[in-house]
Each structure stands twice: as C-alpha cells, then as structure tokens.
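Comments concern the structure below.
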Amino acid sequence: MAYDGVDESKRWPLSRFLIVGVVIAVAGYLPLQCYIIFGPRDGNPIGLGLLAVIGILLGMIVFSIGVIKRVIRYFLA
C-alpha cells in the first residue's frame, strides 16, 4: 500500500464517526427534551430549540461522513 502522508494510528476509526455523530445529536436535543418534560408549561425555549437544530444538524453531518467513509472503504477494500 502506498504511503499517503497520514499515519494510520492518527486516523479515527470509522465507528468513532458514527458514535460521535449520534452523541452530538443527542447532546444537542437533550436539553430541549428535559425542558419540555420538567420546565414550565407556558415556557418558550427558543434558545434550546436553536441548540437542538444546530446540534442535530452537526451530528447528522458527522454521522454522514462516517457512513460515506464506511461505504467507500467497503467498495474499495
């Protein structure tokens, strides 16, 4: 195999992208869900909603990178 300039030990394994993507999405959504469950009924958590949207989108992007890398490695290996 040709040396591509990146040490193999410094790369993230494919499963780490998938796990980190899910953790980011859950960490972004969890504060909003806790507010919905335990917060006041007349509250309006705009900031938590924005955090959830950004966190879920970022988590989906990281998760998608992991899936794309897994598919590429499956077909090229």
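The values are calculated or read from the model by the stated rules, or taken from the named source; none is laboratory data. Keep in mind it's a predicted model, so treat the numbers as computed, not measured. Just so you know, the surface numbers come from the protein's heavy atoms only, side chains and all, with ligands and any DNA or RNA stripped out. Shrake-Rupley method; radii C 1.70, N 1.55, O 1.52, S 1.80 Å.
Some points to look at:
- Here the contact order of the chain, divided by its residue count and restricted to Cα pairs under 8 Å and six or more residues apart, works out to 45 percent.
- When the Cα convex hull of region 38-77 is projected onto planes of every orientation, the mean area is 3.7 nm².
- Taking every alpha-carbon pair in the chain and binning the separations at 5 Å intervals from zero gives 3, 15, 16, 17, 13, 10, 8, 6, 5, 3, 2, 1, 0 percent.
- Accessible area of the chain divided out per residue, in Å², using a probe of 1.4 angstrom: 81
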